[in-house]
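The values are calculated or read from the model by the stated rules, or taken from the named source; none is laboratory data. Quick caveat, the model's predicted, so the values are computed rather than measured. Note that we place each Cβ from the backbone using ideal geometry, even for glycine, and neighbour counts take in every protein chain shown.
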Amino acid sequence: MVKRIGVLALQGDFAEHKKAIQGVGAEAVEVRLPHQLTGLDGLIIPGGESTTLRKLADMYGLMEPLRAFAQKHPTWGTCAGAIMLAKEVMGQAAHLGVMDISVQRNAFGRQIDSFVTTLHIEGESYEAVFIRAPLIVAVGAGVEILATLDDGRIVAAQQGHLLATSFHPELTDDLGFHRRFLKMIERYDYAQP
């Protein structure tokens, strides 16, 4: 059965995620209103600007529905999406606060400081684009660190059905991380009673 994966489509690079989702054989659904979360198997909160995402989510009545969805369904936050998921955001109030990670916004500098690198997770290699990326500065006891940079800085983590990445896999031709998320969804569905 084809999985239905939503992409929060308020702001940011949701179109690239939508294309990647389709590329891994799932159905991509743009989410702008609470009722569009119904029937989804998973959700991606894309990169963009976390403060703007929050304002728009508040405006469209999405904050509580997003929080409720993420508490029960596979949800992946990339860049600003990771900030949205975090329980702690250094120097400001948390947004959804569902994932036991602390993040620092714009930890890698400005747009001009953007870079691309290869990350290695469980024997797989992934191309990762960092643009004004947040850093995962700490993780709670139930959070698995998936990837770090060579200097040990955390850039990907998973807590059960929640996934956070500091980088933008959707801005490359590498569909590996989207495949990983789809497998997460399939495992999660299988594990549910």
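Does segment 109-136 hold any residues that are under 22 Å from Gly12 (Cα atoms), among the charged types (D, E, K, R) and exposed (fewer than 15 other Cβ atoms within 10 Å of the Cβ), and which are they? Outline the logic, then answer.
As a first pass, look at segment 109-136 and keep what is under 22 Å from Gly12 (Cα atoms): 109-117, 126-136.
Now restrict to residues that are among the charged types (D, E, K, R): 110, 113, 127, 132.
Within segment 109-136, Arg110, Asp113 meet the criteria.
Criterion first (of a type outside the set (Phe, Trp, Tyr), crowded, with 17+ Cβ neighbours inside 10 Å and assigned to a helix (DSSP H, G or I)) does Leu40 satisfy it? Talk me through it step by step, then tell me what you get.
Details: of a type outside the set (Phe, Trp, Tyr): yes; crowded, with 17+ Cβ neighbours inside 10 Å: yes; assigned to a helix (DSSP H, G or I): no.
Considered against the rule, which asks whether it is of a type outside the set (Phe, Trp, Tyr), crowded, with 17+ Cβ neighbours inside 10 Å and assigned to a helix (DSSP H, G or I), Leu40 comes out as no.
Among the residues of segment 62-94 satisfying the criterion of being modelled with pLDDT of 95 or more and in a loop (DSSP other than H, G, I, E, B), which is farthest from Leu162 (Cα to Cα)?
Among residues in segment 62-94 that are modelled with pLDDT of 95 or more and in a loop (DSSP other than H, G, I, E, B), the one farthest from Leu162 (Cα to Cα) is Leu62.
Mind checking which pairs have a first residue in segment 59-80 that is without any contact (Cβ under 8 Å) to a residue 24 or more places away in the chain and a second that is buried (at least 22 other Cβ atoms within 10 Å of the Cβ) and among the charged types (D, E, K, R), Cβ under 9 Å, 6 or more apart or different chains?
none
Out of segment 168-185, which residues are part of a helix (DSSP H, G or I) and over 11 Å from Val24 (Cβ atoms)? Break it down stepwise before answering.
Residues of segment 168-185 part of a helix (DSSP H, G or I): 169-171, 176-185.
Correct list: Pro169, Glu170, Leu171, Met184.
Would you be able to say whether some residue in segment 136-156 is in contact (Cβ under 8 Å) with a residue 60 or more places away in the chain and either out of contact with any Asp or Glu (no Cβ under 8 Å at 6 or more places or on another chain) or farther than 14 Å from Gly42 by Cβ (or both)? Break it down stepwise before answering.
Of segment 136-156, the ones in contact (Cβ under 8 Å) with a residue 60 or more places away in the chain are none.
Looking for residues that are in contact (Cβ under 8 Å) with a residue 60 or more places away in the chain and either out of contact with any Asp or Glu (no Cβ under 8 Å at 6 or more places or on another chain) or farther than 14 Å from Gly42 by Cβ (or both), one finds none in segment 136-156, hence no.
Could you pull out the residue among Gly97, Gly6 that is over 18 Å from Arg179 (Cα atoms) and either part of a loop (DSSP other than H, G, I, E, B) or modelled with pLDDT of 95 or more (or both)?
Details: Gly6 fails: over 18 Å from Arg179 (Cα atoms).
Of Gly97, Gly6, the one residue that is over 18 Å from Arg179 (Cα atoms) and either part of a loop (DSSP other than H, G, I, E, B) or modelled with pLDDT of 95 or more (or both) is Gly97.
Please verify whether Val139 is surrounded by 14 or more Cβ atoms within 10 Å (Cβ to Cβ), β-branched (Val, Ile, Thr) and at pLDDT 95 or above, treating the condition exactly as stated. Working first, answer last.
On the way: surrounded by 14 or more Cβ atoms within 10 Å (Cβ to Cβ): yes; β-branched (Val, Ile, Thr): yes; at pLDDT 95 or above: yes.
Answer is yes for this residue.
Do we find that Lys18 is touching a residue at least 60 places away in the same chain (Cβ under 8 Å), buried (at least 16 other Cβ atoms within 10 Å of the Cβ) and out of contact with any His (no Cβ under 9 Å at 6 or more places or on another chain) in this structure?
Numbers: touching a residue at least 60 places away in the same chain (Cβ under 8 Å): no; buried (at least 16 other Cβ atoms within 10 Å of the Cβ): yes; out of contact with any His (no Cβ under 9 Å at 6 or more places or on another chain): yes.
Criteria not met by Lys18.
So which residues in segment 43-61 are in a helix (DSSP H, G or I) and within 15 Å of the chain's Cα centre (by Cα)?
Applying the first criterion (in a helix (DSSP H, G or I)) to segment 43-61 yields 50-59.
If the condition is that a residue be in a helix (DSSP H, G or I) and within 15 Å of the chain's Cα centre (by Cα), then Ser50, Leu53, Arg54 are the ones that fit.
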